Amino acid sequence: MADLTSTVTLHNGVKMPRVGLGVFQVEEGEEVVQSVKAALEAGYRSIDTAAIYGNEEGVGKAIAESAIPREELFITTKLWNSEQGYESTLAAFEESMKKLGLDYLDLYLIHWPVPAKGEYKNTWKAFEKLYKDGKIRAIGVSNFKIHHLEDLMAECEIKPMVNQVEYHPRLTQKELHEFCKRHQIQLEAWSPLMQGGLLEEPTLVEIANKYNKSTAQVIIRWDYQNEVVTIPKSVKAHRIVENADIFDFELTAEEIANIDALNQDKRIGPDPDEFNRA
Ligand SMILES: NC(=O)c1ccc[n+]([C@@H]2O[C@H](COP(=O)([O-])OP(=O)(O)OC[C@H]3O[C@@H](n4cnc5c(N)ncnc54)[C@H](OP(=O)(O)O)[C@@H]3O)[C@@H](O)[C@H]2O)c1
């Protein structure tokens, strides 16, 4: 049976766990340390943080205090908007690594394209350098639309391995998903649970009742069967365990289609074309 060690293979051959823990809005210190520890104990091997979350040190502390061999872990962090640019990216990467206490990173993402800044291509050059220097096992982007990817791929040497975007039953990003599949870019879902906003949705409740699962588990299973890597966040140990308990049931094709049909192209986060916050 599949479990939390189940992976997808990125286009460079690196294996990435299909379910991980997100730590957005998890407080630095005790809260993040306890969340990551609970996840690692529950069998999670993938943790998704970002420089802007302000909790890389806590993530690093939990990793350092765990007995899990480094090579079994898959750690992602992200470059914040204000640091985009070639030299500033190299410096920001070192800063993140110092905070995480790691000597290599599994996945580094450009957090947002920030079109008004016009720096994501220079930023990507620094990502390619860090990758070629062996400091990062995989490089990718986040919140990139098709046109941002096309623009980047027209010039880049190494194409992104991952695109992490808002993805849940109200925002299924069908065209973007197809595009990414065509280009061997792995799609990864942020806010997969729509930050808790979908858990009472009747279609999901009905499916959850049928399998004696929670609606959160149905959504995470839907991600899994749609081959989208997913990183639900919780600070509660029992939910961290619950969110990973999705490997003992299978949604039918009709149920998948019914969940897909909940799409309303509705974002809870900003539109990447308009988000230029530094
Ligand atoms: N790249 C980007 O721009 C970007 C943007 C947003 C997020 N992300 C990443 O994606 C991760 C996930 O997204 P997210 O944190 O925004 O939201 P999310 O995972 O969709 O939802 C988290 C919310 O759902 C609650 N929850 C979790 N499991 C639950 C369960 N089983 N039953 C009921 N409620 C549950 C959590 O509360 P409790 O914690 O109280 O359990 C929290 O309020 C982030 O942590 C971050 O790593 C990336």
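The values are calculated or read from the model by the stated rules, or taken from the named source; none is laboratory data. Please read all numbers here as calculations on a predicted model, not as lab measurements. Cβ placement follows ideal geometry from the backbone for every residue including glycine, while neighbour counts extend to all protein chains displayed.
Table: residues versus (1) within 25 Å of residue 141 (Cα to Cα); (2) within 14 Å of the ligand (Cβ to nearest atom); (3) at pLDDT 95 or above.
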{"position": "19", "(1), (2), (3)": "yes, yes, yes"}
{"position": "33", "(1), (2), (3)": "no, no, yes"}
{"position": "45", "(1), (2), (3)": "yes, no, yes"}
{"position": "57", "(1), (2), (3)": "yes, no, yes"}
{"position": "60", "(1), (2), (3)": "yes, no, yes"}
{"position": "64", "(1), (2), (3)": "no, no, yes"}
{"position": "83", "(1), (2), (3)": "yes, no, yes"}
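Restricting attention to the stretch 184-214, and to residues there that are within 10 Å of the ligand (Cβ to nearest atom) and among the hydroxyl-bearing types (Ser, Thr, Tyr), which single residue is farthest from the chain's Cα centre (by Cα)? Among those residues, the one meeting the criterion is 214.
Residues in the stretch 125-151 that are closer than 22 Å to residue 275 by Cα and within 16 Å of the ligand (Cβ to nearest atom): 127, 139, 140, 141, 142, 143, 144, 145, 148, 149.
Listed by first and then second residue, the pairs linking a residue in the stretch 15-29 that is touching a residue at least 24 places away in the same chain (Cβ under 8 Å) and farther than 11 Å from residue 74 by Cβ to a residue that is near the ligand (Cβ under 8 Å from one of its atoms) and among the basic types (Lys, Arg), with Cβ atoms under 6 Å apart and 6 or more places separating them unless they lie on different chains, are 22/233; 24/233.
Flag set for residue 106, criterion: at pLDDT 95 or above, within 16 Å of the ligand (Cβ to nearest atom) and under 17 Å from residue 12 (Cβ atoms). Against the test of being buried (at least 17 other Cβ atoms within 10 Å of the Cβ), without any contact (Cβ under 8 Å) to a residue 60 or more places away in the chain and under 21 Å from residue 269 (Cα atoms), the options 152, 193, 105, 199 yield a single qualifying residue, 193.
Of the residues making up the stretch 155-183, those that are in contact with an Asp or Glu (Cβ under 9 Å, 6 or more places away or on another chain), within 15 Å of the ligand (Cβ to nearest atom), on the phi < 0 side of the Ramachandran plot and of a type outside the set (D, E, K, R) are 162, 163, 164, 165, 167, 168, 169, 171, 172. Scoring residue 58 on the criteria (1) crowded, with 21+ Cβ neighbours inside 10 Å; (2) in contact (Cβ under 8 Å) with a residue 60 or more places away in the chain leaves a single failure, condition (2). Among the residues making up the stretch 252-266, those that are assigned to a loop (DSSP other than H, G, I, E, B) and within 16 Å of residue 198 (Cα to Cα) are 261, 262, 263, 264, 265, 266. On the stretch given as the stretch 120-136, residues that are under 21 Å from residue 53 (Cβ atoms) and of a type in the set (D, E, K, R) total 1. Residue count for the stretch 215-251 under the criterion of being part of a helix (DSSP H, G or I) and either near the ligand (Cβ under 8 Å from one of its atoms) or touching a residue at least 40 places away in the same chain (Cβ under 8 Å) (or both): the result is 16. Scanning the stretch 159-180 for residues that are in contact (Cβ under 8 Å) with a residue 40 or more places away in the chain and surrounded by fewer than 15 Cβ atoms within 10 Å (Cβ to Cβ) returns a single hit, 174.
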